[in-house]
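Only one structure is covered here, and it is reproduced in the block below.
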Amino acid sequence: MNDTHTLNEIAELLALARRPLFITGAGISAASGLPTYRGTGGLYANGLNEEGLPYEDVLSGYMLRTRPELTWRELLRMAQRLAGRAQVNEAHRAIAALPHAVVLTQNVDGLHLEAGSRNVIEIHGNLRELHCTVCTYRRPNEDWQNLPIPPRCPECGAVLRPSAVLFGEPLPPEALTRLDEELARGFDLVFSVGTTSLFPYIAEPVALAASAGIPTIEINPEPTAVSHLVDYRLRGDAAQILPRIVETARSREG
(Lines give C-alpha, C1' and ligand atoms only; values in the text may rest on other atoms or scores of the structure.)
Protein backbone atom coordinates (compact mmCIF):
# COMPACT_ATOMS: atom_id res chain seq x y z
CA MET A 1 0.00 0.00 0.00
CA ASN A 2 1.08 3.59 -0.72
CA ASP A 3 -0.90 5.38 1.99
CA THR A 4 0.65 8.24 3.94
CA HIS A 5 1.09 6.14 7.07
CA THR A 6 3.09 3.50 5.20
CA LEU A 7 5.25 6.11 3.47
CA ASN A 8 5.94 7.76 6.83
CA GLU A 9 6.97 4.41 8.33
CA ILE A 10 9.43 3.85 5.51
CA ALA A 11 10.74 7.41 5.81
CA GLU A 12 11.36 6.83 9.51
CA LEU A 13 13.38 3.70 8.72
CA LEU A 14 15.38 5.63 6.12
CA ALA A 15 16.04 8.49 8.54
CA LEU A 16 17.55 6.01 11.00
CA ALA A 17 19.49 4.02 8.40
CA ARG A 18 23.25 4.45 8.14
CA ARG A 19 23.86 1.89 5.39
CA PRO A 20 20.88 1.81 2.98
CA LEU A 21 21.13 -0.17 -0.25
CA PHE A 22 19.16 0.80 -3.34
CA ILE A 23 18.91 -1.93 -5.98
CA THR A 24 17.67 -0.39 -9.22
CA GLY A 25 16.58 -1.59 -12.64
CA ALA A 26 15.13 -0.16 -15.82
CA GLY A 27 11.93 0.92 -14.07
CA ILE A 28 13.70 3.73 -12.22
CA SER A 29 14.59 5.30 -15.56
CA ALA A 30 11.10 4.95 -17.05
CA ALA A 31 10.29 8.52 -16.02
CA SER A 32 13.41 9.57 -17.93
CA GLY A 33 11.83 8.36 -21.16
CA LEU A 34 13.63 5.02 -21.31
CA PRO A 35 11.68 1.80 -21.84
CA THR A 36 11.80 -1.02 -19.37
CA TYR A 37 12.85 -4.45 -20.61
CA ARG A 38 10.50 -7.19 -19.49
CA GLY A 39 7.59 -5.27 -17.99
CA THR A 40 4.37 -4.28 -19.72
CA GLY A 41 5.23 -2.18 -22.77
CA GLY A 42 8.91 -2.95 -22.33
CA LEU A 43 11.64 -3.20 -24.92
CA TYR A 44 11.33 -6.98 -25.10
CA ALA A 45 7.56 -7.14 -24.68
CA ASN A 46 7.06 -8.18 -28.32
CA GLY A 47 10.00 -10.56 -28.16
CA LEU A 48 11.44 -10.30 -31.68
CA ASN A 49 13.35 -7.84 -33.83
CA GLU A 50 12.60 -7.21 -37.54
CA GLU A 51 14.55 -10.32 -38.56
CA GLY A 52 12.41 -12.40 -36.23
CA LEU A 53 15.24 -12.90 -33.74
CA PRO A 54 14.70 -12.65 -29.97
CA TYR A 55 16.12 -9.40 -28.60
CA GLU A 56 18.05 -11.31 -25.97
CA ASP A 57 19.83 -13.15 -28.79
CA VAL A 58 20.47 -9.95 -30.75
CA LEU A 59 21.99 -8.29 -27.67
CA SER A 60 24.18 -11.26 -26.77
CA GLY A 61 27.91 -11.74 -26.75
CA TYR A 62 27.53 -14.56 -29.27
CA MET A 63 25.69 -12.34 -31.74
CA LEU A 64 28.27 -9.58 -31.34
CA ARG A 65 30.95 -12.08 -32.33
CA THR A 66 29.05 -13.64 -35.23
CA ARG A 67 26.82 -10.87 -36.60
CA PRO A 68 28.07 -7.64 -35.03
CA GLU A 69 26.01 -5.48 -37.39
CA LEU A 70 22.76 -6.75 -35.79
CA THR A 71 23.98 -6.19 -32.25
CA TRP A 72 25.34 -2.76 -33.07
CA ARG A 73 22.13 -1.70 -34.81
CA GLU A 74 20.24 -2.40 -31.58
CA LEU A 75 22.94 -0.80 -29.42
CA LEU A 76 22.70 2.38 -31.50
CA ARG A 77 18.94 2.43 -31.08
CA MET A 78 19.38 2.16 -27.33
CA ALA A 79 21.99 4.92 -27.36
CA GLN A 80 19.81 7.19 -29.47
CA ARG A 81 17.01 6.83 -26.94
CA LEU A 82 19.48 7.77 -24.23
CA ALA A 83 20.85 10.75 -26.13
CA GLY A 84 17.48 12.06 -27.21
CA ARG A 85 15.29 11.46 -24.19
CA ALA A 86 17.18 10.34 -21.11
CA GLN A 87 17.40 12.88 -18.34
CA VAL A 88 17.98 12.40 -14.65
CA ASN A 89 14.60 12.14 -12.94
CA GLU A 90 13.40 12.79 -9.40
CA ALA A 91 14.02 9.20 -8.30
CA HIS A 92 17.70 9.44 -9.27
CA ARG A 93 17.95 12.80 -7.49
CA ALA A 94 16.27 11.47 -4.37
CA ILE A 95 18.79 8.65 -4.00
CA ALA A 96 21.68 11.01 -4.79
CA ALA A 97 20.54 13.23 -1.90
CA LEU A 98 21.53 10.40 0.47
CA PRO A 99 25.35 10.53 0.65
CA HIS A 100 25.56 7.32 2.67
CA ALA A 101 23.49 5.25 0.20
CA VAL A 102 24.97 2.43 -1.87
CA VAL A 103 23.43 1.91 -5.32
CA LEU A 104 23.50 -1.45 -7.08
CA THR A 105 22.15 -0.79 -10.56
CA GLN A 106 21.54 -2.98 -13.58
CA ASN A 107 21.17 0.11 -15.76
CA VAL A 108 23.82 1.10 -18.27
CA ASP A 109 22.45 4.63 -18.74
CA GLY A 110 24.77 6.32 -16.21
CA LEU A 111 21.94 8.41 -14.74
CA HIS A 112 22.73 7.58 -11.11
CA LEU A 113 26.23 8.97 -11.55
CA GLU A 114 24.92 11.97 -13.46
CA ALA A 115 22.51 12.68 -10.61
CA GLY A 116 25.40 12.73 -8.16
CA SER A 117 25.24 9.39 -6.37
CA ARG A 118 28.68 8.67 -4.94
CA ASN A 119 28.75 4.91 -4.42
CA VAL A 120 27.34 3.24 -7.53
CA ILE A 121 27.99 -0.35 -8.57
CA GLU A 122 27.18 -0.71 -12.28
CA ILE A 123 26.80 -4.47 -12.26
CA HIS A 124 26.02 -4.57 -16.01
CA GLY A 125 28.69 -2.06 -16.99
CA ASN A 126 27.88 1.10 -18.96
CA LEU A 127 27.61 2.66 -22.40
CA ARG A 128 30.04 5.51 -21.70
CA GLU A 129 33.14 3.71 -22.95
CA LEU A 130 34.07 1.65 -26.01
CA HIS A 131 36.81 -0.95 -26.11
CA CYS A 132 38.26 -3.27 -28.72
CA THR A 133 37.20 -6.90 -28.79
CA VAL A 134 40.77 -7.98 -29.65
CA CYS A 135 43.42 -5.49 -28.50
CA THR A 136 43.71 -3.14 -25.50
CA TYR A 137 42.35 -0.04 -27.26
CA ARG A 138 39.60 1.82 -25.38
CA ARG A 139 38.14 5.29 -25.40
CA PRO A 140 35.23 7.29 -23.98
CA ASN A 141 32.29 7.51 -26.31
CA GLU A 142 30.17 10.65 -26.43
CA ASP A 143 29.05 10.62 -30.07
CA TRP A 144 26.86 7.65 -30.89
CA GLN A 145 25.21 9.42 -33.79
CA ASN A 146 28.19 9.16 -36.14
CA LEU A 147 29.38 5.65 -35.38
CA PRO A 148 29.48 3.19 -38.29
CA ILE A 149 27.77 -0.18 -37.88
CA PRO A 150 29.80 -1.88 -36.54
CA PRO A 151 32.54 0.54 -35.42
CA ARG A 152 36.11 -0.66 -35.90
CA CYS A 153 39.23 -0.32 -33.78
CA PRO A 154 41.60 2.29 -35.26
CA GLU A 155 44.59 0.26 -34.11
CA CYS A 156 43.81 -3.31 -35.19
CA GLY A 157 40.58 -3.12 -37.20
CA ALA A 158 38.57 -5.43 -34.94
CA VAL A 159 35.01 -4.64 -33.84
CA LEU A 160 34.58 -2.17 -30.99
CA ARG A 161 32.02 -2.73 -28.27
CA PRO A 162 30.62 -0.80 -25.30
CA SER A 163 31.69 -1.63 -21.75
CA ALA A 164 28.24 -3.05 -21.04
CA VAL A 165 27.41 -6.67 -20.30
CA LEU A 166 25.56 -8.41 -23.11
CA PHE A 167 23.34 -11.45 -22.64
CA GLY A 168 25.32 -14.61 -22.03
CA GLU A 169 28.40 -12.75 -20.80
CA PRO A 170 29.99 -12.78 -17.33
CA LEU A 171 29.58 -9.83 -15.02
CA PRO A 172 32.50 -7.40 -14.63
CA PRO A 173 34.92 -8.80 -12.01
CA GLU A 174 35.53 -5.34 -10.52
CA ALA A 175 31.81 -4.77 -9.99
CA LEU A 176 31.36 -8.21 -8.44
CA THR A 177 34.25 -7.58 -6.05
CA ARG A 178 32.75 -4.26 -4.98
CA LEU A 179 29.35 -5.88 -4.45
CA ASP A 180 30.87 -8.64 -2.32
CA GLU A 181 32.72 -6.06 -0.24
CA GLU A 182 29.60 -3.98 0.32
CA LEU A 183 27.50 -7.01 1.21
CA ALA A 184 30.18 -8.09 3.69
CA ARG A 185 29.96 -4.69 5.37
CA GLY A 186 26.21 -5.14 5.67
CA PHE A 187 23.17 -2.92 5.21
CA ASP A 188 20.47 -1.78 7.59
CA LEU A 189 17.79 -1.07 4.96
CA VAL A 190 17.26 -2.43 1.43
CA PHE A 191 15.19 -0.90 -1.37
CA SER A 192 14.41 -2.73 -4.61
CA VAL A 193 13.33 -0.15 -7.19
CA GLY A 194 12.10 -0.70 -10.72
CA THR A 195 13.51 -4.18 -11.24
CA THR A 196 11.86 -7.53 -11.85
CA SER A 197 14.69 -9.09 -9.79
CA LEU A 198 15.04 -12.11 -12.08
CA PHE A 199 18.82 -12.32 -11.73
CA PRO A 200 20.06 -14.10 -8.58
CA TYR A 201 22.62 -11.38 -7.76
CA ILE A 202 19.79 -8.81 -7.77
CA ALA A 203 17.33 -10.85 -5.73
CA GLU A 204 19.88 -12.21 -3.26
CA PRO A 205 20.53 -8.97 -1.30
CA VAL A 206 16.79 -8.65 -0.73
CA ALA A 207 16.49 -12.29 0.35
CA LEU A 208 19.51 -12.00 2.68
CA ALA A 209 18.10 -8.86 4.28
CA ALA A 210 14.67 -10.40 4.73
CA SER A 211 16.09 -13.52 6.37
CA ALA A 212 18.17 -11.36 8.73
CA GLY A 213 15.22 -9.21 9.78
CA ILE A 214 16.52 -6.11 7.96
CA PRO A 215 13.66 -3.95 6.63
CA THR A 216 13.02 -4.30 2.89
CA ILE A 217 10.99 -2.12 0.53
CA GLU A 218 9.99 -2.69 -3.08
CA ILE A 219 8.83 0.06 -5.45
CA ASN A 220 7.46 -1.36 -8.68
CA PRO A 221 4.15 -1.11 -10.55
CA GLU A 222 4.00 -4.88 -11.06
CA PRO A 223 4.69 -7.95 -8.90
CA THR A 224 8.26 -9.26 -9.11
CA ALA A 225 10.40 -12.19 -8.02
CA VAL A 226 10.97 -10.59 -4.59
CA SER A 227 7.51 -9.15 -3.89
CA HIS A 228 6.70 -11.99 -1.51
CA LEU A 229 9.86 -11.31 0.53
CA VAL A 230 9.64 -7.59 1.24
CA ASP A 231 8.15 -5.88 4.27
CA TYR A 232 6.70 -3.00 2.24
CA ARG A 233 5.45 -3.24 -1.32
CA LEU A 234 4.74 0.10 -3.01
CA ARG A 235 3.06 0.06 -6.41
CA GLY A 236 3.76 2.93 -8.75
CA ASP A 237 6.37 5.20 -10.30
CA ALA A 238 9.60 5.54 -8.32
CA ALA A 239 9.98 9.14 -9.55
CA GLN A 240 6.83 10.01 -7.63
CA ILE A 241 7.23 7.77 -4.58
CA LEU A 242 10.94 8.00 -3.70
CA PRO A 243 11.14 11.82 -3.44
CA ARG A 244 8.30 11.81 -0.88
CA ILE A 245 10.06 9.19 1.22
CA VAL A 246 13.48 10.85 1.04
CA GLU A 247 12.15 14.35 1.72
CA THR A 248 10.28 13.14 4.80
CA ALA A 249 13.30 11.12 5.97
CA ARG A 250 15.69 14.06 5.66
CA SER A 251 13.32 16.29 7.61
CA ARG A 252 13.54 13.80 10.51
CA GLU A 253 17.31 13.34 10.56
CA GLY A 254 19.25 14.65 13.49
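Key figures for this structure:
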quantity: Checking V88 against (1) closer than 30 Å to E247 by Cβ; (2) over 16 Å from the mean Cα position of the chain (by Cα); (3) at pLDDT below 95; (4) not acidic (D, E), the condition it does not meet; calculated: (2)
quantity: Sole residue being under 18 Å from the mean Cα position of the chain (by Cα) and closer than 24 Å to A31 by Cβ, chosen from L242, L189; calculated: L242
quantity: Residue ranges of strands (runs of 3 or more DSSP E) in the range 152-253 with at least 2 members among the aliphatic types (A, V, I, L, M) and in contact (Cβ under 8 Å) with a residue 12 or more places away in the chain; calculated: 160-164, 189-193, 216-219
quantity: Options L171, L179; residue that is buried (at least 18 other Cβ atoms within 10 Å of the Cβ) and either modelled with pLDDT of 95 or more or more than 21 Å from the chain's Cα centre (by Cα) (or both); calculated: L179
quantity: Test for I149: is it open to solvent by 20 Å² or more (accessible area, probe 1.4 Å) and either under 29 Å from A15 (Cβ atoms) or in a helix (DSSP H, G or I) (or both); calculated: no
quantity: Residue match in the range 202-222 (condition: closer than 20 Å to N119 by Cβ, aliphatic (A, V, I, L, M) and open to solvent by 30 Å² or more (accessible area, probe 1.4 Å)); calculated: yes
quantity: Filter result for the condition that a residue is at pLDDT below 95 and open to solvent by 50 Å² or more (accessible area, probe 1.4 Å), over L48, L111, L127, L75; calculated: L48
quantity: Options T136, T105: the member that is modelled with pLDDT of 95 or more, β-branched (V, I, T) and under 21 Å from Q87 (Cβ atoms); calculated: T105
quantity: The range 202-245, residues that are under 24 Å from L176 (Cβ atoms) and of a type in the set (G, A, S); calculated: A203, A207, A209, A210, S211, A212, A225
quantity: Residue match in the range 230-243 (condition: of a type outside the set (K, R), open to solvent by 40 Å² or more (accessible area, probe 1.4 Å) and in contact with a strand residue (DSSP E or B) (Cβ under 8 Å, 6 or more places away or on another chain)); calculated: yes
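The values are calculated or read from the model by the stated rules, or taken from the named source; none is laboratory data. Only a predicted model underlies this, so the values are computations on that prediction, with no experimental measurement involved. Note: ideal-geometry Cβ built from the backbone for every residue, glycine included; neighbour counts use all protein chains shown. Note: accessible area is taken over every heavy atom of the protein model, side chains too, but ligands, DNA and RNA are not part of it. Shrake-Rupley method; radii C 1.70, N 1.55, O 1.52, S 1.80 Å.
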